[in-house]
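Worksheet: the structure to be examined is printed underneath.
The values are calculated or read from the model by the stated rules, or taken from the named source; none is laboratory data. Keep in mind that what you see is a predicted model, and the values were worked out from it rather than measured. Note: ideal-geometry Cβ built from the backbone for every residue, glycine included; neighbour counts use all protein chains shown. Protein only, heavy atoms only, side chains kept; ligands, DNA and RNA dropped before computing areas. Shrake-Rupley method; radii C 1.70, N 1.55, O 1.52, S 1.80 Å.
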Amino acid sequence: MKVKLWSKVTFVMVALVMMALPLASACAPAAAPPTEGPPVAAKPHVTIHNIIDLTGAYAPIAIPSEKGGKHFLAWMAEQGGLDVDGDGVGDVIVDYHWAEFGNVDSRFMASYKRFRLEKPLIMEMWSSPNQEMLKPICERDEIPMYGIGFSDPQLYPPAWNYMDCWSYGESCAGAIEWYYDEVFEPAHPGEKMQVAHLTWSSAYGRAGEEPSTRAGENNGKWEVVACEHCLTHPTDPEVMAYLTSFEGMGVDMVWSNTIVNTPAVIMKGLHKLDLYPEMVHGANLWAPADQLLQINGPTTSEGYFCPQPVYVPACDPDQAGVKFAKMLQDTYGRGEAWLPNIQYMRGVRMKANMTESVRRALVGVMDRDGCDLAAACDRVTGKDVKEMGLQTLAGYECYDLCPLMGAPAGKDDRRLADTDRVVGVKDGKVVVLSGWYKVPRLIPEEMKAQGYFPDEEVKYTRTPL
Amino acid sequence: MEQIIKLIVLGLCMGGIYALVAVGYVVVYKSTKVFNFAQAAMITVGAYALYQALIVWSLPIWAAVLFTLAVGVALGLLVERLLMRPLIGQPILAPIVVTLGLMLLLRGVILMIFGGQVYGYGEHFLPLGAWHVGFVTLPMIQVYAFIISMVAIFALIQFYNRTRMGLAMRVTHEDHVVAQNLGINVKRVFQYSWVIACVLGVISGMLLGNIQGCCVELDVTGLMAIAAILFGGLESIGGAIVGGLTLGVLQMLTIGYLAPLMPGEPIMMVPFAFMLLILIFKPYGLFGLVRIERL
């Protein structure tokens, strides 16, 4: 009898815990304004949206980015909200609705459908596959999407998507070219570099493959000899086997368009198989050197490099943008010593660009309709934010988070920057390995033939490179 | 030929860890007849427990390893007492489904505690570098992981063969009722089995976390080891070892020779295709016991 009672009590307790956990996690990311500043009841509201992956494959990059973005919004709320007229006092409360999709497509679509009912002004989205999938839908719904990085197909019109920097393909080609010019060519004059992609089998993972192959064919500096794909969290056997195959093929550089967990395994593989420095590894910006160093330690991180479009806190502590990010983290963070990092900087930049686009749209609506701010907050649409906000960001310095801010999008251009700088691990430290350079623009010939990108020009408000 | 030999050697090194994971499944199945899907999650628990002790609390390596092993023991005791014992006498499907639920629960708890970040042990654990034997490169970290795995399995075999509890576990494996009639405390045997399986799981987790980094997706390796035990036989420790090593080699050769010809991620597909093939011809696995029942 006692045993039966004990069993029942245990069963009920376990059942309650198992029911409570999913409920708690489902409730946690519910739409909740982060604006915790003093209540300002009379001020009008606008809402920005985000569908983010905080528990799936992109979590390692999304979490610090989101911390940066949320801290920025909290700071803005403390200033009284979005300062529309530039008098230093906030005029509009920015509400922030977000959903966590765990890199599950069905959850992504469910979140999008839920948010669509709110007629979003601008929606941040995560992962290239989902954004590629949603391109025509966002255009139909007239919702501008804002992404932290794009595969090249996301750039091609017609689309309502804008990106915080260049495309992954352009950045990949730029970094490979930098390595060829600065390191490989001087050591192997006249030789063509052999490049292999070891990346994820997704739109995001494959984003560097075709453009870098085309760039190599055009400039004659390198040849892409293999494109292989691993799991989103690669297992050690696959990486060791691929590296062994690459060794047989005489590969000089392995590139991956992934996040930091993949380069962590690849770098360990290169070092434990004694392939470094004959074979080196570079990856896109979402595998930053500082995170790799944290995971792998100095020995197996040595020689790693990645291009970055923003200032790097570990290398540029005195830059104004880094100081701003540090102030945000010190004020609103929870004492995480590893922040601000590169992704935190990107997160701040993302939210700053989004809110600035909304601000410009509000000013535009007031001018166009001759209405006051409250009416403008009611009337402003996604189309307004696209045309009067995102496409006019020229001149916006965005808190000095990178040296060449304010790169605007032309009518056909969805990139808000086109410069990079290579950052890597040398002697156990994160160091800047190159100056700022412009990434090659890799528009396919057939796109040009169709008349796309005729007016593309990324304009800068600062000194040219 | 050189390439094949290199891949086979590397595959054997990795296969050692697969064997360790696979033995964890076998230990529970042998005693309880429950197929423990949660074994995959034990790997993740082990990896994160070591991270917590070694990096977050900055404990010395020996203390961190002891802490992780203690987590394995505690987890085994808790799972057996809270989840499995109440299900004794229930249809076998019930505890199996509970282990599936437990796997998801542990995954969720880890996500809640550690978030989705990837962590690593830096250079605190097992030496780096490589040995060169002819044209074959032997990564030290892999060789040490292989040795640790084999030592753990050897210790388990000795436990089975040389201790009173090991004997009791073998008897329980034959028949629960007979074991009970012989005075063996079957519940205690179940408890030991779960504790041993969890400890083996956390050891695998420490080794894998060191090689691949700590993240919730480490349980994929645990799920892949299912192919190894079905290959070797659900009730055979020797079969699990052979299955694990075979799986490691098979994965290496798949990537070396099949991956360039196949789109996607053949590393996930090939082991299970192989497992299906084995099940067609040897439903009990290579070393599994063929049960004959009188009707």
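Structure values in brief
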{"quantity": "The listed residue being under 23 Å from A:Pro64 (Cα atoms) and open to solvent by 10 Å² or more (accessible area, probe 1.4 Å), out of A:Leu292, A:Leu285, A:Leu231", "calculated": "A:Leu231"}
{"quantity": "Residue check, B:Gly24 within 22 Å of the chain's Cα centre (by Cα), more than 30 Å from B:His176 (Cα to Cα) and part of a helix (DSSP H, G or I)", "calculated": "no"}
{"quantity": "Residues located in region A:201-213, provided they are of a type in the set (Ser, Thr, Tyr) and away from chain B (no Cβ under 11 Å)", "calculated": "A:Tyr204, A:Ser212, A:Thr213"}
{"quantity": "Lone unmet requirement of (1) part of a helix (DSSP H, G or I); (2) more than 14 Å from chain B (Cβ to nearest Cβ) for A:Thr300", "calculated": "(2)"}
{"quantity": "Out of B:Val220, B:Val270, sole residue that is open to solvent by 10 Å² or more (accessible area, probe 1.4 Å), within 13 Å of chain A (Cβ to nearest Cβ) and in contact with a His (Cβ under 9 Å, 6 or more places away or on another chain)", "calculated": "B:Val220"}
{"quantity": "Considering residues of region B:104-134 that are at pLDDT below 85 and more than 9 Å from chain A (Cβ to nearest Cβ) only, the residue farthest from B:Ala64 (Cα to Cα)", "calculated": "B:Pro127"}
{"quantity": "Candidates A:Ala375, A:Ala352, A:Ala361 - the one that is open to solvent by less than 40 Å² (accessible area, probe 1.4 Å), of a type in the set (Gly, Ala, Ser) and under 24 Å from A:Lys438 (Cβ atoms)", "calculated": "A:Ala352"}
{"quantity": "Residue identified as under 30 Å from B:His176 (Cβ atoms) and buried (at least 16 other Cβ atoms within 10 Å of the Cβ) among B:Val79, B:Val97", "calculated": "B:Val79"}
{"quantity": "In region A:303-333, the residues that are in a loop (DSSP other than H, G, I, E, B), buried (at least 20 other Cβ atoms within 10 Å of the Cβ) and at pLDDT 90 or above", "calculated": "A:Tyr304"}
{"quantity": "2 or more residues in contact with a Lys or Arg (Cβ under 7 Å, 6 or more places away or on another chain): qualifying helices (runs of 4 or more DSSP H) within region B:56-162", "calculated": "B:140-162"}
{"quantity": "Flag for B:Thr254 being surrounded by 21 or more Cβ atoms within 10 Å (Cβ to Cβ) and over 19 Å from the mean Cα position of the chain (by Cα)", "calculated": "yes"}
{"quantity": "One residue from B:Ile241, B:Ile229, B:Ile280, B:Ile292 being away from chain A (no Cβ under 11 Å), part of a helix (DSSP H, G or I) and open to solvent by 60 Å² or more (accessible area, probe 1.4 Å)", "calculated": "B:Ile280"}
{"quantity": "Complete set of residues in region B:177-217 that are in contact (Cβ under 8 Å) with a residue 60 or more places away in the chain, of a type in the set (S, T, N, Q) and within 14 Å of chain A (Cβ to nearest Cβ)", "calculated": "B:Ser204, B:Asn210"}
{"quantity": "Filter result (more than 21 Å from B:Thr254 (Cα to Cα) and among the hydrophobic types (A, V, I, L, M, F, W, C)) within region A:194-251", "calculated": "A:Val195, A:Ala203, A:Ala207, A:Ala215, A:Trp222, A:Val224"}
{"quantity": "Within region A:106-122, considering residues that are in contact with a helix residue (DSSP H, G or I) (Cβ under 9 Å, 6 or more places away or on another chain) and open to solvent by 10 Å² or more (accessible area, probe 1.4 Å), the one nearest to A:Met145 (Cα to Cα)", "calculated": "A:Leu121"}
{"quantity": "Looking only at region B:141-166, and only at residues there that are open to solvent by less than 40 Å² (accessible area, probe 1.4 Å) and within 12 Å of another protein chain (Cβ to nearest Cβ), the one that is nearest to A:Met240 (Cα to Cα)", "calculated": "B:Gln142"}
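Results for (1) within 11 Å of another protein chain (Cβ to nearest Cβ); (2) polar (S, T, N, Q), shown as yes or no for each residue.
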position	(1), (2)
A:His188	no, no
A:Thr199	no, yes
A:Ala215	no, no
A:Glu223	no, no
A:Ala226	yes, no
A:Met253	no, no
A:Met267	yes, no
